[in-house]
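Remarks on the structure that follows.
The values are calculated or read from the model by the stated rules, or taken from the named source; none is laboratory data. Every value quoted in this text rests on a predicted model; they were computed, and no experiment measured them. Quick reminder, even Gly has a Cβ in these numbers, built from the backbone with ideal geometry, and neighbours come from all protein chains shown. The accessibility values were calculated without ligands, DNA or RNA, using every heavy atom of the protein model including side chains. Shrake-Rupley method; radii C 1.70, N 1.55, O 1.52, S 1.80 Å.
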Amino acid sequence: MKFKKTLFAGIAAIVGASTLLGSNIASAQKDWPTKPIALVVPFAAGGPTDTIARLIAVPMGQALGQTVVVENTAGAGGTIASTKVARAAPDGYTIYIHHMGMATAQALYDKLPYDPMNSFEYIGQVADVPMVLLGKKDLPANNFKELEAYIKANGSKVTMANAGPGAVSQLCGLLFQSRMGVRLTNIPYKGTGPALTDLLGGQVDLLCDQTTQTIPYIKDGRVKAFGTTTMKRLPAIPNVPTLNEQGLKGFEVKVWHGVYAPKGTPQPILDKINAALKKALSSPDVVKRLQDANIDIAPMAKVSAKGLKDHLESEINVWGPVIRKANIPD
Ligand code: ASP
């Protein structure tokens, strides 16, 4: 009898505590956010991913009523940040922006400490960004034909910057080398922000980078542009031919981005982040800045968990075979 009474009291206490816990969680979700939110960027400051992150952070923060603070966790082509976010508390105070490296890393690394399809919550696609093959101003080659000849003559003396294994600059650079049948000296940086600084300074010869902040440098001749990774020429730089039209048939890399959260982040919080992202992507400042760089904002239907997760899955299926076929080393 005594045992029964104690048992009932125990159960009542547990039920009471869990109801309290449940209501605490519910009110934490309802009140969220009550402090600044970290938007993790997997590359160094000043690069394309960082630029897009900083651009959307402000209007997202305004929509949420809290500051969204960009946190650069660079290294290993973005995989260090992905690992960190996969292990972060799923409380809505850590969110993550990454590009298509989320889809390509699996094929470039033997083993990843996270699973792109299962370690995250998917908030929505952001934007698709074209790339351009760039050279330093003093490179003797002035066009793609001359670049081909220069590379053939100089081989591994030619240096090419990238943002590490798993970064799209590395993917683009190695696909280029694979198509050209050459192996250059590849130099990893923590992002294409610092890589571009070295290209501008003449410390490195080539870099395949996104248009996010390269267009002004191309236009004023501070870097040479040898070709875009698009099927059509870009309106912002119409004189730059595509790599496709210069003999690298089908050479197409468009860098899509997505916003994620750690797995287990509550749905009401994910819904608020999604609404803030949609708002940010419709803000006139953001739209203008992205359009000027020939960046396509994702259609609103794709700024959704399903839009991002489906796209990620299809990109893993597209890039896996391409990377394996190109025999890209890690
Ligand atoms: N987008 C670059 C890359 O993957 C990295 C960066 O954003 O800094 O190469």
### Query
If each of GLU313 and LYS232 carries a label point 7 Å out from its Cα toward its Cβ, how far apart are those two points in nm?
3.0
### Query
Which FRET efficiency value, to the nearest 0.05, do you get for MET180 and GLN267 by plugging their Cβ-Cβ distance into 1/(1 + (r/R0)^6) with R0 = 45 Å?
0.40
### Query
Considering the alpha-carbon set of the range 195-330 alone, what are its Rg and its Dmax in angstrom?
17.9, 50
### Query
So what are the radius of gyration and Dmax for the Cα set of the chain, in Å?
22.8, 94
### Query
Can you tell me the accessible area per residue over the range 125-193, all protein chains present, probe 1.4 angstrom, in square angstrom?
37
## Note on the structure
Summed over the other residues with a beta carbon less than 13 angstrom from that of VAL69, with K and R at +1 and D and E at -1, the charge totals 0
### Message
Assuming 0.36 nm per residue, please report the length gained on full extension of the stretch ASP296 to LEU200 beyond their Cα-Cα distance.
### Response
31.9 nm
### Query
Under a GNM of the chain (C-alpha, springs under 10 Å), which listed residue has the highest mean-square fluctuation: TYR109, TYR122, TYR260?
TYR109
## Note on the structure
Summing +1 per Lys or Arg and -1 per Asp or Glu among the other residues with Cβ less than 13 Å from LEU248's Cβ gives 0
### Query
If you build a Gaussian network model of the chain, linking Cα atoms that sit under 10 Å apart, which residue out of MET160, MET100, MET300 swings the most?
MET300
### Query
Starting at 0 and stepping by 10 Å, how many percent of the alpha carbon pairs of the range 41-194 end up in each bin?
10, 36, 31, 16, 7, 1
### Query
How large, in percent, is the carbon and sulfur part of the accessible surface of the range 130-198 at a probe radius of 1.4 Å?
52
### Summary
Computed over the chain, the relative contact order (Cα-Cα under 8 Å, seq sep at least six) in percent reads 27
#### Entry: Cα-based helix-to-principal-axis angle, 305-326 vs the chain, degrees rounded to 10
40
### Message
With +1 on the Cβ of every Lys and Arg and -1 on the Cβ of every Asp and Glu, and nothing else charged, how large is the dipole of the chain about its Cα centre, in debye rounded to the nearest 20?
### Response
540
#### Entry: Neighbour net charge for LEU39 - beta-carbon separation under 11 angstrom, K R +1, D E -1
-1
### Query
Normalised by the residues of the range 198-293, what does the relative contact order come to in percent, with Cα pairs under 8 Å and at least six apart?
21
### Task
Report the one residue of MET131, PRO42, TYR150 whose Cα lies farthest in the direction of the positive end of the charge dipole of the chain (charges on C-beta: Lys and Arg +1, Asp and Glu -1; origin at the Cα centre).
PRO42
